[in-house]
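Participant: Can you keep this structure in mind? I'll have questions shortly.
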Amino acid sequence: MDRAAVMAPLLFLLLLLLASGCVAAAAPRHDHREWGWEEGEGEWRPEKEKGEGEGRGMFVLDRLEKVVESEGGQVRVVRGQPWPPSAWACREGLMHIGFITMEPKTLFVPQYLDSSITLFVRRGEVKVGYVYKDELVERKLKMGDVLHIDAGSTFYMVNTGKGQRLQVICSIDASDSLGFGPPYLSFFLGGAGHPASVLAGFEPKTLAVAFNASYDDLARVILAQTRGPIVYYTSEEPGSGGEEKEERGQGNGRDNDKQGARRFREGGAWRPGGRGEDDDDDDECADDARPAWSWRKLVNRFIGGVNEDVTAEANKDKKKGGAPKPFNLYDSKPGFRNTYGWTIAVDKHGYEPLKHSDTGVYLVNLTAGSMLAPHVNPRATEYGVVLAGEGKIQVVFPNGSLAMSATVREGDVFWIPRYFPFCQVAARGGPFEFFGFTTSARRNRPQFLVGASSVLRTMLGPEVAAGFGAREEEFRELVRKQEQALILPSFPDTGKEEEEHAKGKGKREKPMVIEQVTEE
């Protein structure tokens, strides 16, 4: 009996170790050459050109997974990491970063996810249609726009840029997932074969009754073959003349929407495009390949037509009932700016939809050689993506040792665990711009450790000086030397002193030599 009592915990521990080993073995490792956007002018370079691979730094994420691959585009995901790394069951502060690329005139078919996402348009223009409070909302996004979509909300995306490839960076909420298999699950409404529509999983008789349609109609529309989740698509509809359309959503309905809603209520059974009395006006355009019609009708069928009474009510009070507009980072006033750079941080107070996934957004631009002072995020884990330039990320362990000092370039992804001190330093060759997400929609209130608004300056006194084992006068003089706050100028010296100091502490990476930036 005693032997069994002793063996039981050991067997349980062995099973846990085996399970964790299986998870580690199942986690795909991808060649670093897959990293970044496709090659081309103005595109992010693949990792192969950078000459760097895995193992560059503990907090640099360089494992990329292809989640979606089709002729019209692709989706790649960099998985976030828990801290400590062994705590694979911990979901706090965990987030994945997705990169969506769509060719011109393509459609990301209607779908919903098991994770909430926040979109950031890096380059191009896109129309996003999604369900908000049981109505279809369409938003046209441009470069710098941020839009949040809740988990379970059906949406689609259309690349509306003329001859321009669309690039979108998105955060993927991992708090609700189990941590096994794909970083998120897509449930496609459109498509057959690859991907398969979730509707195709039902029995044919069930679908025929549900749609009040014949088997032939179902086979012709619901089971129509597609070439992947991102398909080529023409956004022009019959009679549109190719002109731009207004945004649709709560509080801004159009006459065309009202006519469509009336037709939906009075038309009886739904029929595919080009058939039936309701489509007589479109016969002259029947020779044109117009997948837009069937996709739009399919989406409208699932979510219902626009209700005129609801639209009229929303027009009276857009603030209460209207769908949120996108938030543009580049059109926003920086929260902090000086000669050496600027920062923008957006939380739920600036963009209310962020509170649903408890996500924040930020954008930082540093001039050549400048530094975002050493600081700590007390409320959130931070994920960043380098948009332009080159810089260095330094992260410090709680025991006061250097955890990572890594050079990052355009396209790299990094992350900083909550409470870990870190700083970003721009290379001397040019500006350093990075964008990212935080795992909290509350005001983060970062604690800066150095500078005019630092914690040391705020707490300056004999107690803090004694904690450093220094005389108060000398400590006060040192803390007050830096007159700048948050974003600091580069070091004016040649860097020889730092090299000698690094040699004295053992083999460490040669520090970046940065030059003084002249104030304008």
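Participant: Considering the alpha-carbon set of the range 124-175 alone, what are its Rg and its Dmax in angstrom?
Facilitator: 11.8, 37
Participant: Of Lys140/Lys205; Lys142/Lys205; Lys142/Lys392; Lys140/Lys333, which sit over 32 Å apart, Cα to Cα?
Facilitator: Lys140/Lys205; Lys142/Lys205
Participant: Next up: Calculate the FRET efficiency for Val209 and Ala452 from the Cβ-Cβ distance with a Förster distance of 56 Å, rounded to the nearest 0.05.
Facilitator: Calculated transfer efficiency: 0.20.
Participant: Given the alpha-carbon gyration tensor of the range 343-490, what are the semi-axes of its equivalent ellipsoid in whole angstrom, ordered largest first, with each equal to the square root of 5 times an eigenvalue?
Facilitator: 27, 19, 14
Participant: Given the Cα-Cα distance of Arg471 and Lys133 and 0.36 nm per residue of separation, how much length would full extension add, in nm?
Facilitator: 115.4 nm
Participant: Another question, then. Can you check what the net charge comes to around Ile149, using other residues whose Cβ is under 11 Å from the Cβ of Ile149 (Lys, Arg +1; Asp, Glu -1)?
Facilitator: -1
Participant: Determine the gain in length on full extension of the stretch Ser405-Lys481; use 0.36 nm per residue of separation and subtract their C-alpha separation, reporting nm with one decimal.
Facilitator: Between Ser405 and Lys481, full extension yields 24.9 nm more.
Participant: Can you check how the C-alpha radius of gyration of the range 389-438 compares to 2.2 N^0.38 Å, as a plain ratio?
Facilitator: Normalised Rg, Cα atoms only: 1.17.
Participant: Efficiency by 1/(1 + (r/R0)^6): what FRET value for Asp216 and Leu185, r their Cβ-Cβ distance, R0 = 30 Å, to the nearest 0.05?
Facilitator: Here the calculated transfer efficiency is 0.40.
Participant: The range 349-400: Rg/Rh from Cα coordinates, Kirkwood Rh?
Facilitator: 1.00
Participant: If amide hydrogens are placed 1.01 Å from N in the peptide plane, which non-local residues have theirs closer than 5 Å to the one on Arg63?
Facilitator: Under 5 Å from the amide H of Arg63 lies no amide H from a residue far enough along the sequence or on another chain.
Participant: May I ask you to compute the full-extension gain from Phe202 to Met143, defined as 0.36 nm times their residue separation minus their alpha-carbon distance, rounded to one decimal in nm?
Facilitator: Going from the current span to full extension adds 17.3 nm.
Participant: Counting C-alpha atoms alone, how compact is the range 434-488: give Rg to one decimal and Dmax as a whole number, in angstrom.
Facilitator: Values for the range 434-488 (Cα only, Rg and Dmax): 14.3, 41 Å.
Only the coordinates and a few stated rules stand behind these numbers; no lab work does. Quick caveat, the model's predicted, so the values are computed rather than measured. So basically every Cβ, Gly included, is an ideal-geometry build from the backbone, and we count neighbours across all protein chains shown.
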